[in-house]
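Novice: Pasting in a structure now, in structure tokens, and then I'll have a few things to ask.
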Amino acid sequence: MSNDAISAIDVNTENQKWTAMGNGALSPPVTANGYTYVASSAGTLYVFDDKTGAITDMKTLPENFMDVGQNVSAPTSGLAIGGDLLLVPAGNHLVAY
């Protein structure tokens, strides 16, 4: 994963399966049930199909996602999945899907 792109690598062959671009710096990804979730510093949540890399959904967050790479004085934050919820920190908000 680069700053504004995400790639999926096949763990058996080490070949790249797909790469996708985002609108700004991207969060570390989380995956569940065949989907990969990534938030951007521009305030977009992306949902990618694990097999193809196609964007299956996009949501506008109430504020931008900020990670430790963008503000070294702030605590590290990231997306989380548990039960049936996806939690996304966005500025002073914690958004649940």
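Novice: Name the residues in the stretch 15-47 that are within 8 Å of the chain's Cα centre (by Cα) and of a type in the set (S, T, N, Q), would you?
Specialist: Result: Ser27, Thr36, Ser40.
Novice: Still on this structure: Mind listing whichever residues of the stretch 58-70 are surrounded by fewer than 17 Cβ atoms within 10 Å (Cβ to Cβ), among the aliphatic types (A, V, I, L, M) and in a loop (DSSP other than H, G, I, E, B)?
Specialist: Val68
Novice: Wholly within the stretch 13-57, which strands (runs of 3 or more DSSP E) include no fewer than the required count, namely at least 2 residues that are crowded, with 19+ Cβ neighbours inside 10 Å and among the aromatic types (Phe, Trp, Tyr)?
Specialist: Output list reads 44-49.
Novice: Scan the stretch 3-14 and give yes if some residue there is within 11 Å of the chain's Cα centre (by Cα) and either among the charged types (D, E, K, R) or modelled with pLDDT of 95 or more (or both), otherwise no.
Specialist: Checked the stretch 3-14: at least one residue is within 11 Å of the chain's Cα centre (by Cα) and either among the charged types (D, E, K, R) or modelled with pLDDT of 95 or more (or both).
The values are calculated or read from the model by the stated rules, or taken from the named source; none is laboratory data. This one's a predicted model, so the numbers in the text were calculated from it and none came from an experiment. With ideal geometry, Cβ positions are generated from the backbone for all residues, glycine too; neighbour counts draw on all protein chains shown.
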